[in-house]
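To keep things clear, I will list the structure first and then write my remarks on it.
The values are calculated or read from the model by the stated rules, or taken from the named source; none is laboratory data. All values derive from a computational prediction rather than experimental measurement. Glycine gets a Cβ as well: all are built from the backbone with ideal geometry, and neighbour counts include every protein chain shown.
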Amino acid sequence: MATKGDFTQNLGKVYGIYTGGFIGFTIILAILEQMGVPDRIIGYAFVAVTIGVYAMIGILSRTVQVSEYYVAGRRVPALYNGMATAADWMSAASFIGMAGTLYASGYNGLAFVLGWTGGYVLVAVLLAPYLRKFGQFTVPDFLGTRYDGHTPRLIGIVVLMMCSFTYVVAQVTGAGIIASRFLAIPFEIGIFVGLLGILVCSMLGGMRAVTWTQVAQYIILIIAYLIPIVLMSAQLTGVPIPQLMYGYALQDIEQIEPSLGVTVGHVTAFARDGDMLNFFSLVLCLMVGTAALPHVLMRFFTTPSVREARSSVGWSLLFIFLLYFSAPAYAAFAKLEVYTNVIGQPIASLPEWVSIWSEIGLLSIKDLNGDGLLQLAEFTINNDAIVLATPEIAGLPYVIAGLVSAGGLAAALSTADGLLLAIANALSHDVYYKMIDPKASSSRRLIVARVLLVVVAGFAAYVASFKPAGILSMVAWAFSIAASGLFPALVMGVWWKRTTKVGACAGMLAGLGVCLLYLAGTQWYGMGLWFGVKNISAGLFGIPVGFAVTYVVSLMTREPSQDMQDFVEFVRVPSARLAESNPYAQGLKA
């Protein structure tokens, strides 16, 4: 597909046909369901066809050119880069976990919405256009060039590995949940099915294949996310605009909860002592972490120009907004459906989906009082199951549940592709090529990148099989790690010419160290919380330490060369002219 010279001139037509084909495929499956085709066949069809399409794009986009593998040849228009970035960004945490968290936590869960969308403002204002103008391939590449040495590059790689690996384990977990439910296979096998889908997208074509695959994945995930809540909104309120109508669902929930024994609603819970601190701490960590995630920043290295990098951030925000604006509606309608269709029903006559989700381990029902009727206290559903199970809870056709599974799989695969590529590229480009074998041929570098991609993916699947934590918790940890270890060095590297190599290295190590100490100590070693801050906001302590240490140590050490200071000043000038003429960017074509 991407091998044709005029491909980028026909993107609208190509993806228009693709979107129409997917909608037509869904309609055909809906007809087949009405004709009596078993649910399992429909589930298999959704998973197989969507992964097959991604694999086809990956194969057609295969490349043997290093620039194509790392940065997609830097020919991705802003609109499509924005769509790919949105897919790269809206992981299983956004698609699967966010509405589930809003379902369970109410207003407290809005921290994820505010933090993740607000983070893109920081990306647009502080980093994206300047990193693109700098002319490097990866975030460690920027650190190695800006701070003139392998030490900052190596520290950047360590932080990248930690945050990206934690993040990718969450994505593989999400893929495993979906595969296990809709292919009727054990979770431990499902994660490797999802892993196969990840690898066929990214291994052959690198960033080029991942870019065009992520555009396709965004189309599927946004269709899959919106259709169920549009149907539920029409079903419950008569108006198919869920973003405007879910307030009615909240009113109904508020009236029902007292009869179910709910004494503390979400508004009251939001105002409790400590919650406000945790709320805004999480918003801050997610915003700053967004602006420091290597796989997100890497997307802006693929645009044709600095102007396109700025525009693609705007498009990204629009495409992300479509889902995030809808997540509260998903949570509200899901909770109302549970209250009205599940709670109070005879346990013996509950529908089949209850036993299926129970077997996966994401739902639990216990008849505590022995009356045979399901009470709210006897019903426990994992946050990660809310989005996937709601179509069945609401009594929608199974084809809608299959559609949601395809969307969730697209979200998990798209982000996992970007994360694995960021890890493999950092190891192959920044470690192998820049530090071990600078004379390595292009073919050898690509072989190393692909082998490392498979190895890291396999290890991520192995770790995910142990279910170390919930999807959203693992993702939040990744954000705090990135925010503490990378954000100060990146921002000060662009905005303070006086930042030195030693200062940046010390700041990265100090910020990362404090973050990991708090995260690991409170999670696994019984350490008490500092000021009541939960460990998903560990970056609250690592970020200021990183900035402070970088600033103080930079003042105590020799300032960067005049050439580098001039280059940094040039990068900050609002101009579409790239930095290729500078000695620090020679050989890195835009």
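Assess whether VAL313 counts as being without any contact (Cβ under 8 Å) to a residue 60 or more places away in the chain and surrounded by 19 or more Cβ atoms within 10 Å (Cβ to Cβ).
Values: without any contact (Cβ under 8 Å) to a residue 60 or more places away in the chain: no; surrounded by 19 or more Cβ atoms within 10 Å (Cβ to Cβ): yes.
Judged against the criteria, VAL313 is not a match.
Any idea how many residues of region 115-152 are over 24 Å from the mean Cα position of the chain (by Cα), of a type outside the set (S, T, N, Q) and assigned to a helix (DSSP H, G or I)? Spell out how you get there, then give the answer.
Step one: of region 115-152, the residues over 24 Å from the mean Cα position of the chain (by Cα) are 133-135, 144-152.
Keeping just the survivors that are of a type outside the set (S, T, N, Q) gives 133-135, 144, 146-150, 152.
Retained after the next criterion (residues that are assigned to a helix (DSSP H, G or I)): 133-134, 144, 146, 150, 152.
Final tally of qualifying residues: 6.
Sort through LEU396, LEU419 and tell me the only one that's touching a residue at least 60 places away in the same chain (Cβ under 8 Å) and in a loop (DSSP other than H, G, I, E, B).
Details: LEU419 fails: in a loop (DSSP other than H, G, I, E, B).
One residue alone meets the criteria, LEU396.
Can you confirm whether ALA590 is surrounded by 16 or more Cβ atoms within 10 Å (Cβ to Cβ) and modelled with pLDDT under 95?
The answer is yes for ALA590.
Looking at region 372-392, is at least one residue in a loop (DSSP other than H, G, I, E, B) and surrounded by 22 or more Cβ atoms within 10 Å (Cβ to Cβ)?
First, pick out the residues of region 372-392 that are in a loop (DSSP other than H, G, I, E, B): 372, 374-375, 382.
Remaining after also requiring surrounded by 22 or more Cβ atoms within 10 Å (Cβ to Cβ): none.
So far as region 372-392 goes, no, none of its residues is in a loop (DSSP other than H, G, I, E, B) and surrounded by 22 or more Cβ atoms within 10 Å (Cβ to Cβ).
Just the residues that are assigned to a loop (DSSP other than H, G, I, E, B) and loosely packed, with under 13 Cβ neighbours inside 10 Å, please, taken from region 34-61.
Across region 34-61, the qualifying residues are MET35, GLY36, PRO38.
Quickly run through region 518-552 and pick out the residues that are aliphatic (A, V, I, L, M) and over 24 Å from the mean Cα position of the chain (by Cα). So that I can check it myself, show each step before the final result.
Keep residues of region 518-552 that are aliphatic (A, V, I, L, M), which gives 519-520, 527, 529, 533, 536, 538, 540, 543, 545, 548-549, 552.
Those that are aliphatic (A, V, I, L, M) and over 24 Å from the mean Cα position of the chain (by Cα): MET527, LEU529, VAL545, ALA548, VAL549, VAL552.
Residues in region 487-510: is at least one under 28 Å from PRO560 (Cα atoms), surrounded by 20 or more Cβ atoms within 10 Å (Cβ to Cβ) and under 19 Å from the mean Cα position of the chain (by Cα)?
Yes; the residues of region 487-510 include at least one that is under 28 Å from PRO560 (Cα atoms), surrounded by 20 or more Cβ atoms within 10 Å (Cβ to Cβ) and under 19 Å from the mean Cα position of the chain (by Cα).
For region 68-91, give me each residue that is modelled with pLDDT of 80 or more and of a type in the set (S, T, N, Q).
ASN81, THR85
Taking only pairs six or more apart or across chains, which ones have beta-carbon atoms under 9 Å, a first residue in region 247-262 that is in a helix (DSSP H, G or I), and a second residue that is among the aromatic types (Phe, Trp, Tyr)?
ALA249/PHE333; ASP252/TYR339; ILE253/TYR339; ILE256/TYR339; GLU257/TYR339; LEU260/TYR339
Out of the residues in region 325-353 meeting the condition of being under 20 Å from TRP116 (Cα atoms) and of a type in the set (Phe, Trp, Tyr), tell me which one is modelled with the lowest pLDDT.
Selected residue: PHE325.
Filter region 23-67 down to residues that are farther than 30 Å from ASN425 by Cβ and among the aromatic types (Phe, Trp, Tyr) and give me whichever is modelled with the highest pLDDT.
Top of the filtered list is PHE25.
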